[in-house]
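> Structure in structure tokens, see below.
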Amino acid sequence: MKITEHIKKAKGETLFSFEIVPPVKGKSIQELYNNIDPLMEFKPPFIDVTTSREEYVYKEKDGLLDKKLTRTRPGTLGICASLKHKYDVDTVPHVICGGFTKEETEYLLVDCQYLEIENVMALRGDARKEEKYFTPTKGGHQYATELVEQIQNINEGNYLHDTIESSDLSSFCIGVAGYPEKHMEAPSLQSDLKRLKQKVDLGADYVVTQMFFDNQKFFEFVEAAREMGINVPIIPGIKPIAVKRHLHLLPQVFRVDLPQDLIDAVEACKTNKEVRQVGVKWAIQQSKELRDAGVPVLHYYSMGKSDNVKAIAKELF
Ligand SMILES: Cc1cc2nc3c(=O)[nH]c(=O)nc-3n(C[C@H](O)[C@H](O)[C@H](O)COP(=O)(O)OP(=O)(O)OC[C@H]3O[C@@H](n4cnc5c(N)ncnc54)[C@H](O)[C@@H]3O)c2cc1C
């Protein structure tokens, strides 16, 4: 079922969902199941599976370091199919521009059709670790808008080199990213919102936001988006802080601000176990306020470990 249909069916009740990251190549999928199992009692209608782009790995060869470009966390679509089959849940593969040609993207989307995966998140992806700015892959897309267009074209039967007259067209429900504190490269929140509007005008059906720790930022973002004519569901993304290092890492990687109360509470912790408790408590408060404000879904960034997301879900769902 489409995410938008799940939201409609819930008739105003807030749904629970989460995002997982594929394991590093060679690791068992069982570890992933072990983390998902405890969350299934909260009946997520959908689970997102991220896609990581290629990165350089270094191997020693004849006393020299050999540099190779590889995808260390492959398997997004395989995991989506496997979770769908194992838990009877909708899965949302993240489709990214970086590292993929348009042909490869088309191939992936056709696989999604055969697997009856009806939802996809269309994202640009970040720059490669060693690059300062995002460089489009040769034969790939530069912006998520172009990817949304490609998916929408396929929904209309327009493939890269053919127009297919078919009675069995796909109708992917398309999610896109939104940034309550603006995307790091955008010159202003307003210009970033204009880009978001373009994605929606081109066919995006819903928005999932970057993590944020101050609900006020989300509420203002939704208000500004509505004023701009963005009328699709906007799903907040919530990340419980789990280690002290997050105080510096999250602002650096995701360009988000942390409220002073949260910083003080984390700094007062003596162990990361205590930090985890602070993170859960903060996320519960955030989630309750968002639910009371009527958000359609609370979407959690689980980052591989589910105990904290379970503790939050227990209080809300
Ligand atoms: C919910 C969520 C899930 C994510 N999942 C993944 C994942 O699985 N894998 C991964 O690698 N990354 C993921 N990301 C990170 C995301 O890929 C990065 O934040 C990336 O830098 C931007 O992606 P985007 O889709 O928002 O890009 P875009 O919408 O293309 O925007 C990128 C930047 O370009 C600007 N822009 C857009 N269009 C134009 C234009 N035509 N001209 C000039 N400027 C323009 C925007 O304002 C913005 O600053 C996720 C992010 C979110 C919020």
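The values are calculated or read from the model by the stated rules, or taken from the named source; none is laboratory data. These numbers come from a predicted model, not from an experiment. What goes into the accessible areas is simple: the full protein's heavy atoms, side chains included, and nothing from ligands, DNA or RNA. Shrake-Rupley method; radii C 1.70, N 1.55, O 1.52, S 1.80 Å.
> What would the Debye equation give as log₁₀ I(q)/I(0) for segment 248-290 at q = 0.21, 0.26 Å⁻¹, counting only Cα atoms as equal point scatterers?
Log10 I(q)/I(0), no solvent term: -0.76, -1.04.
> Under the rule of -39500 (n - 2.57) per DSSP H run of 4 or more residues, summed and divided by the residues of the chain, what mean residue ellipticity at 222 nm is obtained, to the nearest 500 deg cm²/dmol?
-12000 deg cm²/dmol
> Considering only protein heavy atoms and a probe of 1.4 Å, how much of the accessible area of segment 229-273 is carbon and sulfur, as a whole percent?
The value for segment 229-273 is 52 percent carbon and sulfur by accessible area.
> Computed on alpha carbon atoms, what radius of gyration and Dmax characterise segment 177-317, expressed in Å?
15.4, 49
> Computing the accessible area with a 1.4 Å probe over protein heavy atoms, can you report the carbon and sulfur percentage for segment 79-146?
51 percent
> Relative contact order for the chain: what is it in percent, counting Cα pairs under 8 Å that are at least 6 residues apart?
With pairs under 8 Å counted, the relative contact order is 19 percent.
> GNM, the chain, Cα, under 10 Å: largest mean-square fluctuation among V92, V275, V207?
Looking only at V92, V275, V207, the biggest GNM fluctuation is shown by V275.
> Counting pairwise Cα distances across the chain, what percent come out greater than 34 angstrom?
It works out to 22 percent of all Cα pairs.
> Moving on to the next point. Kindly report the accessible area of segment 174-280 per residue (heavy atoms of protein chains, probe 1.4 Å, no ligands, DNA or RNA), in Å².
Roughly 47 Å² per residue, with all protein chains present.
> Return the long-range amide H neighbours of D48 (sequence gap of 5 or more, or a different chain), with a cut-off of under 5 Å between placed amide H atoms.
Excluding prolines and chain starts, which carry no amide H, the hits are F18, E19, I20, V92.
> OK, next. Percent of accessible area on segment 15-70 owned by carbon and sulfur, 1.4 Å probe?
The value for segment 15-70 is 52 percent carbon and sulfur by accessible area.
> How much accessible surface area, in Å² rounded to 10, belongs to the heavy atoms of M40 with a 1.4 Å probe?
Per-residue accessible area (M40): approximately 40 Å².
> Moving on. Could you pull the accessible area for E31 with a 1.4 Å probe, rounded to 10 Å²?
100 Å²
> Rolling a 1.4 angstrom probe over the protein heavy atoms, how many square angstrom per residue are accessible across segment 64-117?
51 Å²
> Let me ask something else about it. Could you identify which residue out of L247, L109, L147 has the top mean-square fluctuation in a GNM of the chain using Cα springs shorter than 10 Å?
Residue with maximal mean-square fluctuation among L247, L109, L147: L247.
> For segment 85-115 and segment 205-228, what is the separation of their C-alpha centers, rounded to whole Å?
26 Å
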